[in-house]
1. Give the residues of the stretch 402-459 that are among the polar types (S, T, N, Q) and either over 37 Å from the mean Cα position of the chain (by Cα) or under 14 Å from Leu383 (Cα atoms) (or both), sorted by residue number.
2. Taking the stretch 325-361 only, how many residues are surrounded by fewer than 15 Cβ atoms within 10 Å (Cβ to Cβ) and part of a helix (DSSP H, G or I)?
3. Can you go through Glu281, Glu301, Glu275 and tell me which one is farther than 22 Å from Asp252 by Cβ and in a helix (DSSP H, G or I)?
4. Identify, from the list Ile140, Ile156, the residue that is under 25 Å from Arg5 (Cα atoms) and touching a strand residue (DSSP E or B) at 6+ places or on another chain (Cβ under 9 Å).
5. Quick one: would you say Ser369 is touching a residue at least 40 places away in the same chain (Cβ under 8 Å) and of a type outside the set (Phe, Trp, Tyr)?
6. Quick check on the stretch 12-28: of everything there that is in a helix (DSSP H, G or I) and touching a Lys or Arg at 6+ places or on another chain (Cβ under 9 Å), which residue is surrounded by the most Cβ atoms within 10 Å (Cβ to Cβ)?
7. So if I check each of Glu412, Glu416, Glu443, which one is within 22 Å of Val343 (Cβ to Cβ), acidic (Asp, Glu), in a helix (DSSP H, G or I) and in contact with a helix residue (DSSP H, G or I) (Cβ under 9 Å, 6 or more places away or on another chain)?
8. Give the residues of the stretch 103-125 that are among the charged types (D, E, K, R), in a loop (DSSP other than H, G, I, E, B) and touching a residue at least 12 places away in the same chain (Cβ under 8 Å), sorted by residue number.
Amino acid sequence: MSDLRVRFAPSPTGYLHVGGARTALFNWLLARHRGGTFILRIEDTDVERSTQESVDAILEGMKWLGLDWDEGPFFQSEYFPLYKEYVQKLVAAGKAYKCYCTAEELDTKRNLAMAEGRKPKYDGTCRDGAVQPENQPYVIRFRAPQGGATSFDDLIKGTITFPNDELDDLIIQRSDGTPTYNFCVVIDDATMQITTVIRGDDHVNNTPRQVQLYEALDFPVPQFAHVPMILGADKARLSKRHGATSVIAYRDMGYLPEALLNYLVRLGWSNGDDEIFSIEEMIDKFDISNVGRSASVFNTEKLNWLNAHYIKNSDPQRLAALLLPHLTTRGVSTLDGPDLAAVVKTLQERAQTLEEMAERALFYYRAPSGYDEAALAKFDKELLLAVFAAVIEKLSASSAADVAAVDALFKEICSENSWKMGQVGQPVRIALSGGTHAPGIGEIVVTLGGEETVRRIRAAREFVAGK
């Protein structure tokens, strides 16, 4: 077992975003690749915005993707006493202090600094303890170093340096006694012995402040790896206006977890020109050093291509179980129709999503209530009636039970009547499914069964005869 310890630490203020899922995936893969420990921590100190519904959505998304955790989930809200203990340690050591400046005073100072072209940071009014009014609310600020610089070696971006005079004295405890995000993160990562922090590069500006806190508390500083953002097609940060961003939304749209994982891992990470990776291959090949520095653009067409690949190569029984809810939401019962796995076999070659497959599967469980009349109009009425009659006669007398036998029977019908396959196959496909976009005739007939096939062709013959 490696001493590597990584964590995924979402805030429960919404669903599991695909960007968060990619961060979780990178952490999980590194832990699995190196035999380390993957920890799940829920950062719920924002009590007003954190909800149990969001916690459940995050856990559901993680489980659906198969990103199992070794420790947790831990909840920050359970550690408030620990955070206060470390706040007091800093105060006692002179490394933090009470600040009595009001919000109005801070706004005034900030506006003045901006008007004078200065960085709008805290000016240190209470830093030396000169002002200590009684019975007035206060926050606690970290006494940040004022000279020099703070640097860290990012595993993706290289060395990053911040001049300390650009960093003000961070509030580590609010006036209501609750700790702030940057402080909690440091205490959590230190006490959980996190060795490597992999997170989005929107956290880069937080990192120097956190490094200073690690050093002030004599904690070892972990390695950092800041992953570039995922962008929409317009190169703006991926958001709802670009389409679905929730992991569970992709599940509900009919994507397979392995397809989404494969897609997410390639948003920033590469292994030569390879595009398709099984979970086992991802674990074997992944290393944070192969994550690029540039932002990635979310491409739904690429995801659809990958999903189609995994659908095509998946076990029909497994796909049938995943497809069932998509049919149920359409009011379809599969109890009085063909075996769903058999239906899947006829559709998985062409479907990009399970939603698409569900739409194409409907005709197996619902006889057509109408027909593509424009497609039927391409054929002479007398030909249609003759074709339907010949097929009914042959199928009623046949025991053809596999696709090859049914295909042979249709070739026989064509030969005996000097018809082309298109003159027979397309009308029969319309009779059985209502339209022209359906699997091969042999697949449909075998899956529906001879009796149901004949019944549907008779109904189509009656429709044509009545025109």
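1. Listed by number, the residues that qualify are Ser415, Asn417, Ser418, Gln423, Gln426, Thr453.
2. 2
3. Working: Glu301 fails: farther than 22 Å from Asp252 by Cβ; Glu275 fails: in a helix (DSSP H, G or I).
Just one listed residue meets the conditions, Glu281.
4. Ile156
5. The answer is yes for Ser369.
6. Top of the filtered list is Asn27.
7. On the way: Glu412 fails: within 22 Å of Val343 (Cβ to Cβ); Glu416 fails: within 22 Å of Val343 (Cβ to Cβ).
Among Glu412, Glu416, Glu443, only Glu443 is within 22 Å of Val343 (Cβ to Cβ), acidic (Asp, Glu), in a helix (DSSP H, G or I) and in contact with a helix residue (DSSP H, G or I) (Cβ under 9 Å, 6 or more places away or on another chain).
8. Lys119, Lys121, Asp123
Rule-based calculations on the coordinates, nothing more; no lab input. Keep in mind the model is a prediction, meaning the values are calculated, not measured. Note that each Cβ is placed from the backbone with ideal geometry, even for glycine, and that neighbours are counted across all protein chains shown.
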